[in-house]
1. Applying the selection to the range 153-178, what residues are under 15 Å from Ser191 (Cβ atoms) and in contact with a Pro (Cβ under 9 Å, 6 or more places away or on another chain)?
2. Considering Gly77, Gly35, which residue is open to solvent by less than 90 Å² (accessible area, probe 1.4 Å), over 30 Å from Arg5 (Cα atoms) and not basic (Lys, Arg)?
3. What pairs come up if the first residue lies in the range 162-185 and is in contact (Cβ under 8 Å) with a residue 24 or more places away in the chain, the second is open to solvent by less than 60 Å² (accessible area, probe 1.4 Å) and assigned to a helix (DSSP H, G or I), and their beta carbons are under 9 Å apart, counting only those six or more places apart or on different chains?
4. Taking the range 144-179 as the region of interest, how many residues are surrounded by 12 or more Cβ atoms within 10 Å (Cβ to Cβ) and within 18 Å of Val193 (Cβ to Cβ)?
5. Can you confirm whether the range 94-106 contains a residue that is acidic (Asp, Glu) and open to solvent by 100 Å² or more (accessible area, probe 1.4 Å)?
6. Note down all Cβ pairs under 7 Å where the first residue falls in the range 35-64 and is over 30 Å from Gly13 (Cα atoms) and at pLDDT 85 or above, the second is open to solvent by 90 Å² or more (accessible area, probe 1.4 Å) and assigned to a helix (DSSP H, G or I), and they're at least six residues apart or on different chains.
7. Which residues, taken from the range 183-195, are modelled with pLDDT under 90 and open to solvent by 60 Å² or more (accessible area, probe 1.4 Å)?
8. Among what's in the range 177-197 and is in a loop (DSSP other than H, G, I, E, B) and of a type in the set (A, V, I, L, M), pick the residue that is nearest to the chain's Cα centre (by Cα).
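The values are calculated or read from the model by the stated rules, or taken from the named source; none is laboratory data. Small disclaimer: the values here were computed from a predicted structure and weren't measured. Heads up, the Cβs are rebuilt from the backbone with ideal geometry, glycines too, and the neighbour counts pull from every protein chain shown. Ligands, DNA and RNA are stripped out before the accessible areas are found, and what is left, the full protein with its side chains, is counted by its heavy atoms. Shrake-Rupley method; radii C 1.70, N 1.55, O 1.52, S 1.80 Å.
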Amino acid sequence: MAAFRDMEEVSQGLLSLLGANRAEAQQRRLLGRHGQVVERLLETQDSAEQRLREILAMEEEVAQSLLDAKERAHHGGVELQQLKAELRKAGEEDTRLKASLLQLTRELEELKEIEASLERQEREVDEDTTVTIPSAVYVAQLYHRISKIEWDYESEPGMVKGIHHGPSVAQPIHLDSTQLSKKFISDYLWSLVDTDW
């Protein structure tokens with residue numbers, strides 16, 4: 001601004017010089033002053049252009065920084081949505097696992113009740129067996145003494161095998177229960193027993 005005032009002053013001086021028709025020295029001085037003013041004006045213009053470039057560079061930096069911040073905010077928003085989705089899935093999985101745990105707890109309680117019931121039944125069976133087995137063993141031993149049959153307990157299912165130790169010769173027994181009736185097998189086995197006691 002001062003440069004423009006100086007320029008105006010020089011111009012006024014030139015006009016007055018031309019009007020008053022002064023000496024050449026004053027004209028040179030004014031022309032020198034005019035040159036200085038123009039030089040200062042150019043320096044000011046260069047300085048203003050430099051500052052303008054700096055301001056533009058700063059504006060670009062600020063704009064880029066703003067764009068980067070917006071990009072980060074966008075990525076942050078996307079990441080937040082992903083985290084919310086993962087949290088929702090984890091909540092659903094947690095609910096499912098809790099329901100599964102509750103179901104398994106109920107099943108465990110039922111199994112404990114069944115186990116307790118089986119233990120009661122086992123105790124009852126043990127009590128019954130301690131009474132029944134000796135009588136069953138007695139009947140089996142009695143039958144063996146009467147029939148003199150040694151059974152093959154490792155025979156195939158459906159086969160009745162053993163050896164009858166008769167009065168003189170041991171006789172093998174080999175009967176197929178799928179082909180013969182139970183009555184026939186029973187009658188046959190009792191027919192081997194010597195009834196002359």
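1. Passing the criteria: Gly162, His164.
2. Values: Gly35 fails: over 30 Å from Arg5 (Cα atoms).
So the residue among Gly77, Gly35 that is open to solvent by less than 90 Å² (accessible area, probe 1.4 Å), over 30 Å from Arg5 (Cα atoms) and not basic (Lys, Arg) is Gly77.
3. His164/Ser147; His164/Leu189; His164/Leu192; Gly166/Leu192; Ile173/Leu189; Ile173/Leu192
4. Matching residues across the range 144-179 total 17.
5. no
6. Nothing qualifies.
7. Asp187, Tyr188, Trp190, Ser191, Asp194, Thr195
8. Initially, the range 177-197 is screened for residues in a loop (DSSP other than H, G, I, E, B), giving 177-181, 193-197.
Okay, now just the ones that are also of a type in the set (A, V, I, L, M), so 180, 193.
Details: Leu180: 64, Val193: 74 Å.
The extreme case among them is Leu180.
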